[in-house]
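What follows draws every value from the coordinates through simple rules; no lab data is involved. Everything numeric in this text was worked out from a predicted model, so none of it was measured. All Cβ positions, even for glycine, are placed from backbone atoms using ideal geometry, and neighbour counts span all protein chains on display.
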Amino acid sequence: MKKQSVSGISGSASLNYGFNNRINGGLNLNLRKGIWDIGLSYNGKYERANIHSNLTRQLYSQSTIVEQVINSVQVSPTQAAGLSISATPTKKT
């Protein structure tokens, strides 16, 4: 049996949304020509969290009570890129 070697471009894309403000996605492209395979990829993620907390401290030495209410937003973007190169030589090459 002969191995079939097809030249061309292929790719895929994805986009996902999750609860609590989470989004991620990616893009993959691949070029095959002759014995060479070249791939590029990119992935990204965005996450946002609202943080609410209460803190109460009692200082016995001064008979003081300190109450803190903290509201903040945490944003976490992440990105990654990749490159792959491979060769699949034949008996002739």
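Give, as a single signed number, the net charge of other residues whose beta carbon lies under 11 Å from the beta carbon of SER7, with Lys and Arg counted +1 and Asp and Glu -1. The answer is +1.
Once C-alpha pairs closer than 8 Å and six or more residues apart are averaged by separation and normalised to the residue number of the chain, the relative contact order reads 26 percent.
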